[in-house]
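Step one of this worksheet: look at the structure below.
The values are calculated or read from the model by the stated rules, or taken from the named source; none is laboratory data. Please read all numbers here as calculations on a predicted model, not as lab measurements. Cβ coordinates were reconstructed from backbone atoms using ideal geometry, including for glycine residues, and neighbour counts include every protein chain displayed. Heads up: the accessible areas ignore ligands, DNA and RNA and are worked out on the full protein's heavy atoms, side chains in. Shrake-Rupley method; radii C 1.70, N 1.55, O 1.52, S 1.80 Å.
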Amino acid sequence: MAQAPTRSGSSNQSVAVSVDSLVKTFGGTVRALDGVSFEIPTGTVLGLLGPNGAGKTTAVRVLTTLLRPDSGSARVAGVDVLADPEAARRVIGLAGQYAAVDEALTGAENLRLVGSLNHLGRAERRQRSEELLEQFGLSDAADRTLKTYSGGMRRRLDLAAALVARPPVLFLDEPTTGLDPRSRIDLWAVIGQLVADGTTLLLTTQYLEEADRLADQICVIDHGKVIAEGTAAELKAKLGGTVVEVTLSNSDDAITAEQALKGAGEGAPTREGEVVRVATSAGPATLTEVVRRLDAAELEPTGLQLRQPSLDDVFLSLTGHGTSADDEMPRPKRGRRKAKDVS
Amino acid sequence: MTATFVGSKPGNRFGRAIGDSIAMTGRNVRRLMRAPDQVVFTLLSPIMFTLLFRYVFGGAIKGLGDINYVNYLIPGIAVQTAIFTAGNSGFALAEDRGKGFIDRLRSLPMARSAVLTGRVAADTLSNAVGLLIIVLVGLAVGFRPHSFFGLLLGLLLLLAFALSTCFIFALVGLYASNVQTVNAATFPVIFPLTFASSAFVPTSTMPTWLRAFADHQPVTTVINAVRSLTIGDVSSAQRTELFAGQSTSSLVIQSLLWALGIGLVFGSLAVRRYNSTSS
């Protein structure tokens, strides 16, 4: 349904989004973006991954013309976002955390309003609204106000609203944050379908599983800087092939185990609470070695497994803290910041 | 150069801005119609004031000669109603910002001015309904305008003033972090403007210092214009007493100038503020 941009433009249309050295500070001290650069090839999905306050939302706000950066450049579908924000708004769709729908209107009214503000004709916006409601499984709720919608339905409608004008580039800012697992999986299916149809997508998330599942490329940011880039597989490969994960009954035992397992795999073992992880490229052999050493140290693990590293492992090794870390810079207070915006 | 898109067709900019304003007005009116309790609550205090002053304090009010107090009172109540109702522009914008709806709008290729014009238009329509209800309440308690035509002109003048007042509240709504702040920020301004005016008592009964303020502030001017349009013929002594000797047309022109000035100043401040802020 959503269509890729035409490739006839004189600019390089194989790159749908390019961001170069974006810097944005709030209140003079908080560097929400500290020289962020990335590119998204047309028709692919970039997962912008990072903890709260890493700068993900700020990057999306710059790309969607809601915020003007201190320096750097941003292009979307061939349009210079800073030089021509109005043209940029015609080629983007925004949904997620902070782009909302109107709770007092019905689903259909919301979509028709967005259609109208995108300057679609009356018949076209009606048809587009029906199409999207159908596609997102909301036809039965079309004429109910959003007050009666569940959280998952509201997010789907929010996403539908971003798609009314069939934008070639879509920005989803933490689209599944706060949803129950079932709604999350439903929404993933819908997003997957969009991508299959050729939409270029930038997705921010703090869920590694989400990035792993939806994104072609992952860009990890922390403290306003890109700290790693690559496919999920590439990022995982950086940690070595597999991980032996040992769970002990308490953290004292885990500290002993961490000492005992030094040299069992590649690099030093890492410990998180009662869990010790050993990276290795020779899985079963290392597993055997780990068992021997635990036995020699008279430690009894409560859990022991050999597994592929998750993106959580990648994130931990890159940032030294998990994705749920809250020791990040706070999101600037809404309505208080002295931000100079794109007008 | 730019990619093709299905949405916005380039065209008459002005025409699109009008279309966007109509779309936003429609959305805002729908919201108001779905929360009629909100409109009713806004009208509640002017209605209470009507009853209070008509039946409780009215008998004690001096300086009106042979003018029936209810005919004096209702124009004051109407202006108060217009200002209270205009307050919704501030509350609604603060709410839209808080809920992220403004972010959605800012990411769309719509005319940015339409967010404000749509707001102000919807609240002015709601004001028209509110004023009609207040006039009916007034008629029920004995208000008798001198002529239908005078009443109609008075209401139209009031709507023009209400429209420009919406921009003051809109500006506050664009600065305030939430709806409660709008309330807290506007109440200390609305209260003296509506009460230190000719709304309930003739300013000649006030102490000199207060009278100096009351006689020269826009709310008094507008109340006097509406009152002069609806009260009919008065003696020149009464005109001096009630309207500082000014003629109806002079009061109407002054009121329109106030409305225009407030609209231009606060309208452009609000547009600037909207263009320079996020969410």
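With respect to (1) farther than 20 Å from A:Tyr149 by Cα; (2) surrounded by 24 or more Cβ atoms within 10 Å (Cβ to Cβ), the lone exception for A:Asp212 is condition (2). When restricted to residues that are open to solvent by less than 10 Å² (accessible area, probe 1.4 Å), assigned to a loop (DSSP other than H, G, I, E, B) and more than 9 Å from chain B (Cβ to nearest Cβ), the stretch A:75-126 contains 1. Only one of these is surrounded by 12 or more Cβ atoms within 10 Å (Cβ to Cβ) and in contact with a Phe, Trp or Tyr (Cβ under 7 Å, 6 or more places away or on another chain): B:Leu64, B:Leu52, B:Leu32, B:Leu43. Name it. After applying the criteria, what remains is B:Leu64. Residue check: B:Tyr72 meets all listed conditions (1) part of a helix (DSSP H, G or I); (2) open to solvent by 20 Å² or more (accessible area, probe 1.4 Å); (3) out of contact with any helix residue (DSSP H, G or I) (no Cβ under 6 Å at 6 or more places or on another chain); (4) more than 13 Å from every other protein chain (Cβ to nearest Cβ) but one, namely (2). Of all residues in the stretch A:286-310, exactly one satisfies the criterion of being polar (S, T, N, Q), outside any helix (DSSP H, G or I) and open to solvent by less than 60 Å² (accessible area, probe 1.4 Å), namely A:Ser310. Reported count of residues in the stretch A:83-94, each being more than 15 Å from A:Gly115 (Cα to Cα) and touching a helix residue (DSSP H, G or I) at 6+ places or on another chain (Cβ under 9 Å), is 1. The residue list B:Leu163, B:Leu155 contains one member that is touching a Ser or Thr at 6+ places or on another chain (Cβ under 9 Å), aliphatic (A, V, I, L, M), closer than 23 Å to B:Ala122 by Cα and in contact (Cβ under 8 Å) with a residue 40 or more places away in the chain, which is B:Leu163.
Inspect all residues belonging to the stretch A:59-74 and state whether any of them is within 12 Å of chain B (Cβ to nearest Cβ), part of a strand (DSSP E or B) and polar (S, T, N, Q). No, the conditions are met nowhere in the stretch A:59-74. The condition (being modelled with pLDDT of 90 or more, surrounded by 15 or more Cβ atoms within 10 Å (Cβ to Cβ) and within 14 Å of chain A (Cβ to nearest Cβ)) is satisfied by just one residue among B:Arg211, B:Arg273, B:Arg227: B:Arg273.
The criterion of being under 28 Å from A:Ala232 (Cβ atoms), buried (at least 22 other Cβ atoms within 10 Å of the Cβ) and at pLDDT 90 or above holds for A:Val62. Candidates are the residues of the stretch A:184-209 that are among the small types (Gly, Ala, Ser) and open to solvent by 50 Å² or more (accessible area, probe 1.4 Å); the one that is nearest to A:Thr44 (Cα to Cα) is A:Ala196.
Are any residues in the stretch A:39-58 part of a strand (DSSP E or B) and open to solvent by 10 Å² or more (accessible area, probe 1.4 Å), and if so, which ones? A:Glu39, A:Pro41 - these are the residues of the stretch A:39-58 that are part of a strand (DSSP E or B) and open to solvent by 10 Å² or more (accessible area, probe 1.4 Å).
Could you check, for the stretch A:257-277, whether at least one of its residues is free of Cβ contacts under 8 Å to residues at least 60 places away in the same chain, within 30 Å of A:Cys219 (Cα to Cα), open to solvent by 30 Å² or more (accessible area, probe 1.4 Å) and in a loop (DSSP other than H, G, I, E, B)? Yes, the stretch A:257-277 contains a residue that is free of Cβ contacts under 8 Å to residues at least 60 places away in the same chain, within 30 Å of A:Cys219 (Cα to Cα), open to solvent by 30 Å² or more (accessible area, probe 1.4 Å) and in a loop (DSSP other than H, G, I, E, B). Out of everything in the stretch B:98-125 that is more than 14 Å from every other protein chain (Cβ to nearest Cβ) and surrounded by 23 or more Cβ atoms within 10 Å (Cβ to Cβ), what residue ends up being farthest from A:Leu146 (Cα to Cα)? Out of the qualifying residues, it is B:Val120. Under 28 Å from A:Thr302 (Cα atoms), outside any loop (DSSP other than H, G, I, E, B) and at pLDDT below 85 - does that describe any residue in the stretch A:172-188? No, the stretch A:172-188 has no match at all.
Taken over the stretch A:164-189, the criterion of being more than 26 Å from A:Thr58 (Cβ to Cβ), in contact (Cβ under 8 Å) with a residue 12 or more places away in the chain and not polar (S, T, N, Q) is satisfied by A:Arg166, A:Asp180, A:Arg182, A:Asp186. Hey, among the residues in the stretch A:130-161 that are of a type in the set (Ser, Thr, Tyr) and outside any helix (DSSP H, G or I), which one's farthest from A:Val101 (Cα to Cα)? Taking the candidates together, the pick is A:Ser150.
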